[in-house]
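The values are calculated or read from the model by the stated rules, or taken from the named source; none is laboratory data. Only a predicted model underlies this, so the values are computations on that prediction, with no experimental measurement involved. Surface accessibility is based on the protein's heavy atoms, side chains included, excluding ligands, DNA and RNA. Shrake-Rupley method; radii C 1.70, N 1.55, O 1.52, S 1.80 Å.
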Amino acid sequence: MRAPVLDEDRRREPAVLDAQIANLRVPLGQRRSLARSEDRNLLDKLALDADTAVIGNLLRNPRTREQDVVRIAALRPVAVSTLREIARSSRWSQQPRVRAALARNPACPIEIAVQVMGTLPLPDLRELSRDPDLPPATLAQ
C-alpha cells in the first residue's frame, strides 16, 4: 500500500522531499495529493509539474495565490496542458494579471491567446503588440 509511504515521506526532512519533487521522483498519485497540501514550499515545487491533475489540484488549492498562478502562466518552457488548465480555471482565468501572463506566453495556444486578449485593457494590448517573442499568429490578432 502507498499510504504508509506518504506518512513516511512526511516525517522526512523537507529538503529531501523537495529534491524528490524537483526531480519528479515522487510518484504521480503522491504529487497529485501533495498539490492539495498547505506547505507553500511544496506548492512552489509542484507548480513546475506537467501533469494536468497536479496543476488542477494546485489551482483549486486555497493556499495558491495569484502570484503563483501568474508565475506558472509565465513559465518558459511550459506544458501547453498547463496553460490550458489555467485558462479553464474559473477561479484564476478571470484575474487580469493571469490573463495577461497567458497572453504573453509564446507557448499559449492561439485560441486561448485570442480569447484572453479580447479581455485585456488597451495598454496591455499595445505592450503585447511590441513583444518580439510572441508567435506571428498571435501578434496578427
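For region 30-52, which residues satisfy the criterion of being open to solvent by less than 30 Å² (accessible area, probe 1.4 Å) and either closer than 12 Å to residue 92 by Cα or under 12 Å from the mean Cα position of the chain (by Cα) (or both)?
35, 43, 46, 47, 49
Taking region 54-65, which residues are within 11 Å of the chain's Cα centre (by Cα) and within 15 Å of residue 88 (Cα to Cα)?
Once the filter is applied, which keeps residues that are within 11 Å of the chain's Cα centre (by Cα) and within 15 Å of residue 88 (Cα to Cα), region 54-65 yields 54, 55, 56, 57, 58, 59.
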